[in-house]
Amino acid sequence: MDTAGSKCPENQNSTECLLRALLNVLAEQKQASDRSIDWDPITFGLTLLIGLVASLIALATVFQAVLAGGKGGRRANSRAIGKWSKHTTRKWILAEMSWSYTAYTPALNMWTLKKTLDSARLEIEERRRTKKREPDLGMPRKLLLWGKDKLSVFRRDSVSVAPYPATWLGLLEYTGLVGYNLPLAPITADYLPDDFITVPASAEVGVIVVITAVAGVLWLDDNLCVYPTIVGYNFQFDFRQHPVLGIIGAFSEYRRFENGSFDRTPSSEKIAQAMKHSRGMIEPLFGYSNEDSAFIIRKTPRNLNMHLLRAYILPKYKGRDCFVQDYDFLDQNQVLIASFILAKSPRFAPSLFPSPEWKGHNPFTAIALNGKFWSKVRPRDFEESNWKYEPNMELLSRESVQEHFKWLEISPDAADETVDGIYKQHQRPSPSGVKHQTILLCLGLLKDPRELQVKISQLPFERRETLRQAVHVHLRLTDEWLASTQDEELVSLRTQHLLFTSIILSKAESMTQGGLFEVTGATKLNPKQTEQQQQQPQPPLTVQDVHFKMLGALRGLMKDFDISQRSFEAVLKIAQRDWEEGFENLRRLQDHLRHEVFTGSRAQAGQQVTLEDKTIQDDFEKKLQESQSQMRSLIGPRCDLRSRFFNTHQVLNRLATVVGCHSDSEDRDRQTEKPDMIDDVLIFRSLLIGVLFLTAVDNSKVLESGVWDRVVPII
């Protein structure tokens, strides 16, 4: 190293030269120190560990960013959509250096849901058949399975809130659809609006209304918007307006009550039934059990072709009071009458049904006119205080009930067997209580169906469903009573008479209200009341009092006709010469009646037309011509054809029997007591079916608003 003094010029300051030399020495020492490495083990180890940790954190951050792929991954993972996350797929997008997620969530419409439920039903039936062939597992194994089932039910019922942020998962769980293989639709999770925290499902508005109604709906709030707010038992479903997607749905559930008297999770069979009922379909008692053969009742007027109605009920010929219906079309009131008389008993109490409309008069009173009991019973004040479990002895001890309605005395054992499975043991009403409630509900239906709907809708959910289940139990008991008569042909015949006569009586009431029947003289007033009495408040009327004008008009119309046995024999001898369409039923009816009337020694007389017969036939034809317009409107457009005189005579005779039963002067005796009882039971059955359908949740506004088939996302 050079000395500092050798570099100092002679003419410079020596102090400055020394300082420069000192700085040079210090700089050389520092450079020498930097070139050396401190190999201390502790320092090296700590430095290496810190470096590795920092590298791992950096790599984890990068890996998490690549793996998660942003909001799409969070919206479609198992924490968000539960078990449906197993269907989620992802794809690496090189241009964006991220994953794109596609989730598959349930997409429900009526057709796919029906297909899913049908498949589940077939699987259950196959499982039951397989179970019958399996050997007994033994008591320990049975106890283990029983405990496992109870534990699973406890765990399911103990959940008070939905465990997932997707509200549609709570909807599927509450309605019992979470365990089915539902159809799925793909949704790209990355491009959903920012306020969506999960991937939505989708469903038709109609499907949402159906499955929530089966789970227990209090009412549909559809007054302010075409999309209803569904208020249910411990849950609510709202339709909201979204700025990007438009209308969306959201399900919210509240705390569940575990001690309810009904199972909140509906079965697949109950949902499938509600899907049919939601569109106004009623399965017929006779015929095929499919949608093509079901009655379709809508709120708007709709005519039903009579030929289709004859396919539901084939004409029966037994006894002397048979006749064939001659209408071509039915009006809305007559469609309702046919629907509830010929309806098959639903397996479950209907959850929802579009409430039908009728014009002019209550169609159920036309049905009740056919019965001895129901035509004379007085609809009582329809108040909730009357719905106690203790029977009203004044109502049930009346002679008319004891004499004409003996079947009401159902044994407790028979009622217990039918009620099992509907009520819990400590909450079941007594059989007499069920009987009393159902009679009051039927009387309320005869008094005013709309008032009955309002009364039932205002009851608490548990109370409302208890009453409706009681009606359903009694409907099943009624079917059992009809089956116990062991005369299926007679029951079918009385059903046919009830249907055809009720249709004619409904038409007669419409004609009376429309002025086609002229009611003159004393028939303008109720024979039981003076003009002064009619101006005063009166107690609830009987069915015969409600229709007293129409019944008086029928009496006035038929008093000019000779409907005696001799007249019937004369018109029955008219030979058939026209073979118009639909004549086959008339020919069979004529052959049956000839066999009934002209038997034994009178067989020859049935083939000979005497001068007296011709006179009677001409007189009958003359009377028909005098009231042709009224008779054609009342009975049918072809009632005045000579080839149909015998059928017209039968219709008039049937109407005379009904009018005679409700006459104030006398009661015409019928051939036996059994048909009267069957008629009253059939009327009771029709009223029970009417109560069940008319007190269900009314979805008519939603069905007709145009949003029923629209698909909306459910968040």
In the stretch 253-282, which residue that is modelled with pLDDT of 55 or more and acidic (Asp, Glu) is surrounded by the most Cβ atoms within 10 Å (Cβ to Cβ)?
-> GLU253
Residues (of a type in the set (A, V, I, L, M) and at pLDDT below 90) located in the stretch 670-697 | MET677, ILE678
Among the residues of the stretch 220-252 satisfying the criterion of being closer than 30 Å to TYR191 by Cβ and small (Gly, Ala, Ser), which is surrounded by the fewest Cβ atoms within 10 Å (Cβ to Cβ)?
-> GLY246
Quick one: in the stretch 698-715, of everything that is acidic (Asp, Glu) and modelled with pLDDT of 90 or more, which residue is nearest to ILE197 (Cα to Cα)?
-> ASP709
Residues satisfying the stated conditions in the stretch 566-584, i.e. modelled with pLDDT under 80 and either surrounded by fewer than 12 Cβ atoms within 10 Å (Cβ to Cβ) or within 17 Å of GLN325 (Cα to Cα) (or both) | ALA575, ARG577, ASP578, TRP579, GLU580, GLU581, GLY582, PHE583, GLU584
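Per-residue answers, yes or no, for (1) at pLDDT 85 or above; (2) of a type in the set (Asp, Glu); (3) not assigned by TED's automatic domain parsing to the domain that holds SER351:
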{"position": "GLN425", "(1), (2), (3)": "no, no, no"}
{"position": "ARG428", "(1), (2), (3)": "no, no, no"}
{"position": "PRO431", "(1), (2), (3)": "no, no, no"}
{"position": "HIS436", "(1), (2), (3)": "no, no, no"}
{"position": "CYS442", "(1), (2), (3)": "yes, no, no"}
{"position": "LEU445", "(1), (2), (3)": "yes, no, no"}
{"position": "ASP448", "(1), (2), (3)": "yes, yes, no"}
{"position": "LYS455", "(1), (2), (3)": "yes, no, no"}
{"position": "ARG464", "(1), (2), (3)": "yes, no, no"}
Taking the stretch 338-367, which residues are more than 21 Å from ARG468 (Cα to Cα), of a type in the set (A, V, I, L, M, F, W, C) and in contact (Cβ under 8 Å) with a residue 60 or more places away in the chain?
-> ALA338, ALA366, ILE367
Run LEU314 past the list (1) outside any helix (DSSP H, G or I); (2) at pLDDT 80 or above; (3) of a type in the set (A, V, I, L, M) and report the number of the one that doesn't hold.
-> (2)
Top-ranked residue in the stretch 90-111 [being at pLDDT 90 or above and among the polar types (S, T, N, Q); ranked as farthest from ILE187 (Cα to Cα)] | ASN109
State which residue is nearest to the chain's Cα centre (by Cα) when the search covers only the stretch 193-229 and only residues that are assigned to a strand (DSSP E or B) and within 28 Å of SER78 (Cα to Cα).
-> GLU204
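Do we have GLY73 as over 23 Å from THR175 (Cβ atoms) and assigned to a helix (DSSP H, G or I) here?
yes
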What's the number of the condition GLN241 fails, among (1) at pLDDT 90 or above; (2) in a loop (DSSP other than H, G, I, E, B)?
-> (2)
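The values are calculated or read from the model by the stated rules, or taken from the named source; none is laboratory data. These figures come from a predicted structure and were not determined experimentally. Every residue, glycine among them, receives a Cβ derived from its backbone with ideal geometry; neighbour counts consider all protein chains shown.
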